[in-house]
Each structure stands twice: as structure tokens, then as C-alpha cells.
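A short write-up of the structure that comes next.
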Amino acid sequence: MQYQAMLRGAANRMAALGVIGGSGIYDLPELREGESIAVSTPFGEPSAPVRRGRIGQTDVFFVPRHGIGHTYSPSDLPYRANIHALKQLGVTHLLSLSAVGSLVESLPPRSLVLPEQIIDRTVGRRRTFFDDGVVAHVGIADPFCPVFRNAVREGAAAAGRAVEPRGTYVCIEGPQFSTRAESNLFRSWGATVIGMTAMPEARLAREAELCYATLAMVTDYDVWHESEEDVSVEVVIANLQANAEAASEILHAVAGAGLPARACGCSTALDNAVVTAPAAIAPPVRERIGLLLGDRLPEE
């Protein structure tokens with residue numbers, strides 16, 4: 001299978017960093033002179049061609065989540081294609097740069113957060129690679145890789161940037177912002193920040209056995225905060241532009257230090273996860289999931 005061959009090739013390469021840029025982060029200046037790679041996947045085309053370059057000794061692959069010119073709504077994003085494309089290119093660690101709203105007083109606009117948990121409130125998105133003829137159950141109790149999160153935290157410290165190292169991200173469908181009642185409900189659940197793209201991205205990253213972390217960049221207090229103006233696109237973009245400089249410095253520190261060894265369960269998340277009998281998996285389905293399962297899928 002071509003995707004099994006890709007996996008064997010990727011396994012022979014060193015660790016590589018994937019970066020998905022959210023609203024306002026449509027490229028990385030360090031990679032502008034790098035190679036642009038058009039990638040085709042069994043799940044369609046990614047949001048844009050993937051840009052490849054190096055930061056320090058680390059290979060870095062970047063894709064703008066919302067496409068060139070911000071053409072994809074959060075609910076319409078090709079999440080599966082984005083993750084699969086990065087997997088095809090040999091990415092092992094994936095850093096999501098995401099704009100979020102704050103649900104707590106202690107995290108004002110322009111704060112940076114490394115969430116530990118997610119509450120998924122999305123309802124209309126394809127959230128797995130394993131459907132249409134194959135079923136796999138992957139654990140996602142801890143959706144962000146603790147080892148990679150710690151490496152990003154250390155990178156922030158090295159860059160002199162303060163980062164809140166814990167919290168819960170509530171992911172809503174969008175593209176509209178929350179109502180005031182919803183915002184207060186999420187606060188009552190103990191959520192820390194609110195965004196629109198961490199799911200199913202985190203689910204798919206785990207199925208692709210990538211070490212995944214989100215650097216959540218606070219652009220506004222969500223609408224619960226009555227002393228602030230209600231959230232608007234103008235406020236979001238202005239604060240996100242201010243956060244982009246910090247994100248770039250942290251990314252440089254993480255890549256410059258070298259990616260951490262995969263002393264976690266992310267790289268073996270699919271071990272024993274497939275429950276469909278091998279004989280019942282049709283050849284086209286085998287081809288579709290070949291990169292993900294590799295040699296763990298017995299021959300017909």
C-alpha cells in the first residue's frame with residue numbers, strides 16, 4: 001500500500017514539528033523561503049499547501065488552518081486532511097496556534113495558555129479517520145500530550161513569555177460567538193478558555209499518533225465579562241496580532257531546543273484500537289487507513 005510505504009519512510013526520518021496556524025497566523029516568516037508542498041490525502045485536500053523549512057535543527061511543516069485568505073469556517077475545515085497531510089510528511093509533534101476567548105478573570109486578553117483538557121461542544125464535524133468500513137476506539141482521556149506540553153512550556157520560559165500551564169478549553173461549533181447564557185454556563189463548568197477548532201483536531205492528532213499541544217492565545221474576554229465590550233472581530237484580530245510575536249518566539253525556542261523524545265503513549269495510541277475483523281476491512285478501506293495503521297493491519 002502506498003500509505004504503508006509512506007509510514008515506513010517517515011519512520012526513518014527524525015522527529016519533525018508540524019504547526020497549524022489559526023486566525024491571523026497564515027504563514028511563518030521563517031518558512032516563507034521554504035518549500036511549498038501540495039499534498040493529496042485519502043480525506044481530501046488540506047487547507048492549503050504545506051510550507052516546509054527548518055528552525056535550528058528541526059524540520060518544520062506549517063499549514064494555515066483556515067486556508068490562504070481565511071476561506072474556511074471552523075465547521076467547514078478539512079481537519080482530517082490537514083492532520084493526514086502532516087502525518088504523510090513525517091510530522092511527529094504538532095503545535096496548534098489558536099485564538100481563544102477567556103472565561104476567567106485571571107486571563108486577560110493577550111494571555112497565553114497551554115490547556116490540559118477539552119470539553120467538546122461541536123456537533124457537525126467528521127471526527128475520526130476510522131469510519132465507513134472500519135472501527136477503532138482510541139483513548140483521549142488526556143487530549144494533549146503531557147511531554148510535548150511541557151516542552152512548549154519550557155520554550156515559553158526560555159523565550160521570557162509567561163504561559164498559564166493548565167486549564168480547560170471548551171470547543172464550540174461556531175462560527176458565531178457564544179450567547180451570554182452559554183458563556184456563563186461554560187464558566188460554571190470550570191472551563192478556562194473558549195475556541196472553535198481544538199475539536200476534532202485533538203481527536204484526529206491522537207488517531208494519527210502525533211504528540212499534540214495547543215498554544216491558546218487569548219484575544220478577548222468572552223461575553224460573560226460585563227465590564228468589557230462584547231467580543232468583536234476587530235478586537236480579536238488586534239489582540240491576535242499582538243500574540244503572534246509571542247507565539248513566534250516560543251516556536252523558535254521549542255524548535256531550537258529540539259523536539260522531546262516520545263516518552264508518552266501518543267505514538268502507540270492505535271495499538272489494539274481497531275475492533276473490526278481484518279477480513280471485514282475492504283481493500284479501499286485498507287488503502288485509506290494504511291498510513292495510520294502501517295504494519296499493524298494484517299494482510300488479507
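The values are calculated or read from the model by the stated rules, or taken from the named source; none is laboratory data. As the structure is a computational prediction, the values presented were derived from the model and not from experiment. Virtual Cβ from ideal backbone geometry, glycine too; neighbours counted across all protein chains shown.
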So which residues in region 181-199 are crowded, with 21+ Cβ neighbours inside 10 Å and either touching a Pro at 6+ places or on another chain (Cβ under 8 Å) or not in a strand (DSSP E or B) (or both)? S183, F186, A191, T192, V193, M196, T197, A198, M199
Filtering region 79-103 down to residues that are surrounded by fewer than 21 Cβ atoms within 10 Å (Cβ to Cβ) and touching a Ser or Thr at 6+ places or on another chain (Cβ under 6 Å) yields A81
Failed condition for D76, given (1) on the phi < 0 side of the Ramachandran plot; (2) in contact (Cβ under 8 Å) with a residue 24 or more places away in the chain: (2)
In the set G167, G139, G174, G133, the lone residue that is more than 24 Å from L259 (Cα to Cα), within 18 Å of the chain's Cα centre (by Cα) and of a type outside the set (A, V, I, L, M, F, W, C) is G174
Considering only region 261-271, I want to know if a residue exists there that is surrounded by fewer than 21 Cβ atoms within 10 Å (Cβ to Cβ), of a type outside the set (G, A, S) and closer than 29 Å to H70 by Cβ. no
From the list A151, A141, which residue is among the aliphatic types (A, V, I, L, M), out of contact with any Asp or Glu (no Cβ under 7 Å at 6 or more places or on another chain) and in contact (Cβ under 8 Å) with a residue 40 or more places away in the chain? A151
Pick from region 176-193, criterion closer than 18 Å to I118 by Cβ and in contact with a strand residue (DSSP E or B) (Cβ under 8 Å, 6 or more places away or on another chain), ranking: modelled with the lowest pLDDT: S178
Out of all the residues in region 129-180, which are more than 27 Å from E245 (Cβ to Cβ), surrounded by fewer than 18 Cβ atoms within 10 Å (Cβ to Cβ) and of a type in the set (S, T, N, Q)? Q176, T179
On the given criteria, is V123 out of contact with any helix residue (DSSP H, G or I) (no Cβ under 7 Å at 6 or more places or on another chain), buried (at least 19 other Cβ atoms within 10 Å of the Cβ) and part of a loop (DSSP other than H, G, I, E, B)? no
Which members of region 55-73 meet the condition of being on the phi > 0 side of the Ramachandran plot and at pLDDT 95 or above? G67
Among the residues of region 234-256, are any surrounded by 20 or more Cβ atoms within 10 Å (Cβ to Cβ), more than 26 Å from A99 (Cβ to Cβ), at pLDDT 95 or above and in contact with a strand residue (DSSP E or B) (Cβ under 9 Å, 6 or more places away or on another chain)? no
